[in-house]
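Take a look at the structure below.
The values are calculated or read from the model by the stated rules, or taken from the named source; none is laboratory data. It should be emphasised that the depicted structure is a prediction, and the values quoted were computed from it without experimental measurement. Heads up, the Cβs are rebuilt from the backbone with ideal geometry, glycines too, and the neighbour counts pull from every protein chain shown. The area values use the complete protein model at the heavy-atom level, side chains included, leaving out ligands, DNA and RNA. Shrake-Rupley method; radii C 1.70, N 1.55, O 1.52, S 1.80 Å.
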Amino acid sequence: MSDVLSMPARKPLLEVRNLVTEFPLRTGVFRAVNDLSFSIEAGKTLCVVGESGSGKSVTARSILQIVDAPGQIASGSIMLNTADGVSIDLAKLHPRSKAIRAVRGRDIAMIFQEPMSSLSPVHTVGDQITEAIRLHMKMSKDEARAEAINLLRQVEIPNPELAIDRYAFQYSGGMRQRAMIAMALACRPKLLIADEPTTALDVTTQAEILDLIARLQKQSGMAVLFITHDMGVVAQIADDVLVMHHGVAKEYGTVEQIFHSPQDPYTKMLIGSVLKLEQKAEIRLARPPLDQTAPPILEVRNLSQQFGTVKALDNVSISLLPGETLGIVGESGSGKTTMGRAIMRLYDPTAGEMLYRKVDGSVVDLAKIEGEELKKARRELRMVFQDPFGSLNPRMTVAQVIGEPLLVNGIARGKELDDRVSHLMEQVGLDPRGRERYPHAFSGGQRQRIGIARAITLNPRIIVADEATSALDVSVRFQVLDLLMKLQDQLGLAYIFISHDIGVIRYMCDRVGVMYRGKIVEVGEAEKVCNAPDHPYTQALLSAIPRPDPRDRDRSRRFRYIEPAAVKNGSAGR
Amino acid sequence: MLKFIGKRLLWMIPSLFAVSFLAFVLIQLPPGDYVTTYIATLAASNEVVDQNTAAQLRERFGLDDPMLVQYGKWMWGILSRGDFGISFEWQQPVSGLIWERMALTLVLAIASLLATWAIALPIGVYSAVKKYSIGDYAFTAFSFFGLSVPSFLLALVLMYVAAVEFGADVGGLFSQEYETAPWSIAKMVDLMTHIWLPVTILAVSSTASLIRVMRANMLDELPKPYVTTARAKGLSEFRLLTKYPMRIALNPFISTIAWLLPNLISGSVVVAIVLNLPTAAPLLLQALMAQDMYLAGAFVLLICALTLIGSLISDILLAMVDPRIRLE
């Protein structure tokens, strides 16, 4: 089936022409990729960037013919031109043919987003790497094993001789992605396709993985097709950029062109949304300064939370003023989510107190109260969750989801309930006519609005938002952030905004607490912490964030924070 | 790991005592005892047993003692001499009766288990990989047929077909001439010619449910990213399926060993009776009906011990094949 042509001059390594990938549906055909053309030169990096549903992952999978069933390539060509002068049209090969299998892993290798689930949980890492080696190269088991250890060493995994016999779940997130890269590089491919390889990782780990890919690329002259939604990453690594939206290419050019003279309005919007996060929100700049002398609405003092032997929160103290947005930032495992949940009293804290000042000025300790008193307090403290899909019951209509707190607390029913739900939906920018529909009929951003409407139903005074915008696309993220700030001003809410994204924190928070291994290492004005932090950990965190400007690619600036051996300083509050 | 096994083994001792006591009490709960049943059976054939003989029998069997004493004597016999008591009905030591039947039960159970797995696992994988294909629908129809037809009905139909159409000797596991004969190659061959019928019947119903379970397990695993990773490596579809998703989809089957072992004894009673198989299940039923308490008690004790051992084995096996359980 393969077209074998002789090659006159130097051709790009991979040339995609008019690619169309379709998914047959019951109601017709869905074109995930529509008439897409691009090419990749040997040794270069092409970034495909776009929001969820843009077809960027399907494009990558089309190249290797591993699109999930029932999707298939409908038309177009994918020419792979190898150095020995052979050209193969991958689009013409059958997805199960021997010819395409010979290309997979040998000429073109791929790494994926979820480093945990992309490796088999019941086979050792070494087993999976040697398998890739022995598939395409004639090697004995011992040789392959030696080669695998070598590869693990190349991707900087400590003690590769021992690590090779471990399982993926014994690796950390960053190490798993390194192992994936080692596996992909096993047969020295000419093209590496990386499908959002750093999205699930912390920024510091992301920076290390990006460096690793760049170094290996330089060593072997391999081309990289990098798929991402993060414009910062694009600016740091790309030679060329392809912007995708709804399956079509919006703009295709060099990284310099895309960032400094974008033509397409969609590209401009994407870049604009990243630049927007470089400064504080306009609504916040326009607001009169907060009354710093007001007594805090919530004061957390020396809070500790232990799970078994793990100290998730270690002597944390922080306070929240009325009407203030307090950001909590940190990497995964830093205890920021535990802190949010502890404040909601979803756990019983091991030690410390959480003093909450009620409307009448009296103070209760959220860590101690029980029963009716706790129930009352919980009405005034609400939560917005990260996952807009998992946090809404799929079997309840939107009206039921939003109205449930009113019904459960016996505040409103019947016609009155209906009116209040409609009003709440208008407040969060949703059409109340959709209230009888189920959550699946709404997009991610709309669902997050439903979650916010549910949170403000009982007129709370404090809202804990746990990564409330991390699952949303950039274009939607701002709408939700701006909505949160608008509601804050209208309803006089105080927010505890938990996020791993410094940009979002800078955009909307008044003050920030930085968490590291269960401790708050720095608290201060958002402006200061996000731009000129005092603590070395915060400095390291900031240094790892990819700058959204291709002219600013200084990797030497980046460093990793190493905790001093003797830790004395716990947390700072005010 | 060793500590875990040791702990589990220690825990088995009190559980076995508790269950054996409970079993003993339950067997004695119905009014009357073996002698009453015995007299009733004799009366049915117009033989009259006078009170004296009955009392003598009771004394000989120790049925006059309080229940706790009877239980104590029984347990002591087991612990000190491995003596499970005498079956009233068969007038033989219980242990001999049970072991004789257990060997054949084991052969039959393992044969039908292997047959079930050999049929069901590939079909389940096929159904999952070719979801909503004609083949999938055909196997689904077959599975629901297998699930809904009671196995004794299937046994009757197959017996009829085999006997009438093919003139095969059905019922039992041996031809008459081999029934009491010592083991020989000819007897083995005879067993083989008989065993296919019960094995088929027992396999059909369990195959059906197993296909559904395997299909569901595979459908859970197939869309997982590690499958795509393996595909992107260039593995062939067959090697990929058997090495990755199937390996993980099989894990739940290991847990079924826990109830497979006790099923050896008490399972497939109806089929065994219909086909007149010399396995343990009909003997247990008979012992319970005749209030043959030592025989029934020994069976219940055995079932319980097998349940405990089965779950221990399946836990150990699961830890061996799944590193997530072993290492975390």
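A few points about this structure:
- Cα centroid separation - the stretch A:519-554 against the stretch B:243-302, whole Å: 66 Å
- Span from the the stretch A:469-509 Cα centroid across to the the stretch B:215-241 one, whole angstrom: 39 Å
- As an equivalent ellipsoid, the stretch A:113-187 spans semi-axes of 18, 12, 11 angstrom, where each value is the square root of five times an eigenvalue of the C-alpha gyration tensor, largest first.
- Rounded percent of accessible protein surface that carbon and sulfur make up, the stretch B:2-94, 1.4 Å probe: 67 percent
- Averaged per residue, chain A has 43 square angstrom of accessible surface, using a 1.4 angstrom probe with ligands and nucleic acids left out.
- Residues of the stretch B:102-226: accessible area per residue with a 1.4 Å probe, Å²: 53 Å²
- Projecting the Cα atoms of B:M102, A:P262, B:Q176 onto the charge dipole of the protein assembly as shown, computed from C-beta unit charges around the Cα centre, puts A:P262 farthest toward the positive end.
- Per residue convex hull volume, Cα atoms of the stretch B:102-327, in Å³: 164 Å³
- Computed over every Cα-Cα pair of the protein assembly as shown and binned at 20 Å starting from 0, the pair-distance distribution P(r) comes out as 11, 32, 31, 19, 6, 0 percent.
- Relative contact order of chain A: 15 percent, from C-alpha pairs under 8 Å at least 6 residues apart in sequence.
- Shape summary: the stretch A:171-302 maps onto an equivalent ellipsoid whose semi-axes, from the alpha-carbon gyration tensor, are 36, 24, 11 Å in decreasing order.
- Estimated dipole of the protein assembly as shown in Debye, rounded to 20 [Cβ of Lys and Arg +1, of Asp and Glu -1, Cα centre]: 2020 debye
- Neighbouring Cβ atoms from other chains, within 10 Å of the Cβ of residues in A:277-284, number 0 on average.
- According to the calculation over all Cα-Cα pairs in the stretch A:380-455, the P(r) per 10 Å bin from zero is 21, 58, 21, 0 %.
- The mean count of C-beta atoms from other chains within 10 Å of the C-beta of residues in A:164-170, rounded to a whole number, is 3.
- Acute angle (nearest 10 degrees) that the helix A:203-220 long axis makes with the longest principal axis of chain A, alpha-carbon atoms: 10 degrees
- Förster-model FRET efficiency, 56 Å R0, B:W259 and A:D534, C-beta, rounded to 0.05: 0.35
- Sorting the segments B:113-122, A:201-210, A:133-142 by their residues' average number of neighbouring beta-carbon atoms within 10 angstrom, most packed first, yields A:201-210, B:113-122, A:133-142.
- By the rule of a C-alpha distance below 17 Å, with chain neighbours fewer than 8 residues away ignored, the lysines paired with A:K486 are A:K280.
- Rounded to the nearest 20, the Cβ-based charge dipole of the stretch B:1-124 about its Cα centre (Lys and Arg +1, Asp and Glu -1) stands at 820 debye.
- Evaluated at q = 0.21, 0.29, 0.33 Å⁻¹: base-10 log I(q)/I(0), Debye formula over Cα of the stretch B:147-195: -0.76, -1.03, -1.16
- Sequence-distant lysines (8 or more away, or on other chains) whose Cα lies within less than 24 Å of A:K368: A:K311, A:K336, A:K358, A:K376, A:K519
- Kyte-Doolittle mean at least -0.5, axial Cα span of 20 Å or more - DSSP H helices of chain B: B:2-28, B:67-81, B:94-129, B:134-148, B:185-221, B:293-321
- With the convex hull constructed from alpha-carbon coordinates only, the stretch B:2-94 shows a mean projected area of 7.7 nm² over all directions.
- Along the axis of the charge dipole computed for the protein assembly as shown (Cβ charges of +1 for Lys and Arg, -1 for Asp and Glu, origin at the Cα centre), the listed residues B:Y160, B:I185, B:A208 are led at the positive end by B:A208.
- Angle in degrees between helix A:414-427 and the longest Cα principal axis of chain A, rounded to the nearest 10: 60 degrees
- Each chain gives up part of its surface: B and A jointly bury about 2300 Å² of accessible area, both sides summed, for a 1.4 Å probe.
- Each principal axis of the Cα cloud of the stretch A:335-377 was evaluated for its coordinate range; sorted largest first, these ranges are 32, 19, 16 Å.
- In this Cβ point-charge picture (+1 for Lys and Arg, -1 for Asp and Glu), chain B has a dipole of about 1980 debye about its Cα centre.
- Enclosed volume per residue, in Å³, of the convex hull spanned by Cα atoms of the stretch B:86-171: 153 Å³
- In degrees, nearest ten, helix A:173-184 long axis to first principal axis of chain A (Cα): 10 degrees
- For the segment A:125-138, counting C-beta atoms of other chains within 10 Å of every residue's C-beta and taking the mean gives 2.
- These residues, B:W74, B:W183, go from largest to smallest accessible area, 1.4 Å probe, as B:W183, B:W74.
- For chain B, lysine pairs separated by 8 or more sequence positions, or belonging to different chains, with Cα-Cα distances below 25 Å total 9.
- For the stretch A:333-346, putting each phi into the Karplus relation 6.51 cos²θ - 1.76 cosθ + 1.60 with θ = phi - 60° gives couplings of x, 7, x, 5, 5, 4, 4, x, 6, 5, 5, 6, 6, 7 Hz, in residue order, rounded to whole numbers and with x for Gly and Pro.
- Carbon/sulfur fraction of accessible area - chain A, other protein chains in place, 1.4 Å, %: 51 percent
- Under 5 Å between amide hydrogens, built in the peptide plane, is the criterion, and for A:V521 it picks out A:V514, A:M515, A:Y516 among residues at least 5 positions away or on other chains.
- Cα centroid separation, the stretch A:228-307 to the stretch A:351-418: 31 Å.
- Structure remark: mean-square fluctuation, Gaussian network model of chain B, C-alpha springs under 10 Å; the largest value among B:L308, B:L147, B:L295 belongs to B:L147.
- For the stretch B:204-228, residues shielded by at least 40 square angstrom of accessible area compared with the chain on its own, probe 1.4 Å: B:P225, B:Y226, B:T228
- Carbon + sulfur, % of accessible area of the stretch B:102-327 - ligands and nucleic acids excluded, 1.4 Å: 73 percent
- Each 5 Å bin, from zero up to the one with the longest distance, holds this percent of the alpha carbon pairs of the stretch A:61-162: 2, 10, 17, 20, 18, 14, 11, 6, 2, 0.
- In straight-distance terms, cross-link reach from A:K11 covers every one of the aspartates and glutamates whose alpha-carbon lies under 17 Å from its own, apart from those fewer than eight places away in the same chain; here that gives A:D3, A:E41, A:D84, A:D89, A:D107, A:D240.
- Listed residue (B:A18, B:S143, B:A287) projecting farthest to the positive dipole end of chain B, Cβ model: B:S143
- Listed values for the stretch A:157-171 are Karplus-derived 3J(HN,Hα) couplings in whole Hz (6.51 cos²θ - 1.76 cosθ + 1.60, θ = phi - 60°), namely 8, x, 6, x, 5, 8, 4, 5, 9, 8, 9, 4, 6, 8, 9, and x replaces Gly and Pro.
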